[in-house]
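These notes are about the structure you will find just below.
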Amino acid sequence: LPVTLTIDDVDISGYTNLLLKVYLAEDDDGTNQDWDAVDYVHIGYDIDNIGSFTPLLWIENSGSTFNTAPFLDTDFDGVGDGAEITDTFTQFTVSIPSTGSFLDIQIEFDLSDGDEDIAIDNIELFGDGPVPVNLSTFYAVYAGGTPTLYWSTQTEENNDYWNVYRG
């Protein structure tokens, strides 16, 4: 730990007002939430491959040592102080305040015990520009194992999506 998932080199040339939308959920163990102070999930971004990720959406516990719920960390100080991540998928939207040619999104996971978990679904990128962002032009790099990544089309909901799982 930590383990990272990187969505690399999304072409954002000519786009402004970028938004990242993602659904998040977390399941307790049936009696209580289990995130400890050392546990986190951090989502960051890098414009034009400068090699440094800027915080975008962080998830932390409330600052207690053991077994609390995960919350958004709105000021990126390591303490969850925003909306609670519950067992119901909820969409969160964050603005990416700059633009360039290429965007990398990195999701870093450090969930050190057996009961901490996070569910992430439907990662979307929106922006004002000449054409919709083409999600078929990026790939993911998963550090800490060999990933399997493939593009799927025409689901029951008639949507395209990425599937990423550890092989």
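Taking 7 Å along the Cα-to-C-beta vector as the label spot, tell me the Thr65-Ser112 distance in nanometres, rounded to one decimal.
1.3 nm
So for the stretch 89-133, what are the equivalent ellipsoid semi-axes in whole Å, largest first, each being the square root of 5 times an eigenvalue of the Cα gyration tensor?
With the √(5λ) rule applied to the stretch 89-133, the semi-axes are 29, 13, 9 Å.
Which FRET efficiency value, to the nearest 0.05, is calculated for Asn32 and Phe126 with the Förster distance at 41 angstrom and r the Cβ-Cβ distance?
Working: r = 36 Å, r/R0 = 0.88.
For R0 = 41 Å, the calculated efficiency reads 0.70.
Coordinate-derived values only; no laboratory data. All values reported here derive from a predicted model rather than from experimental measurement. Note: ideal-geometry Cβ built from the backbone for every residue, glycine included; neighbour counts use all protein chains shown.
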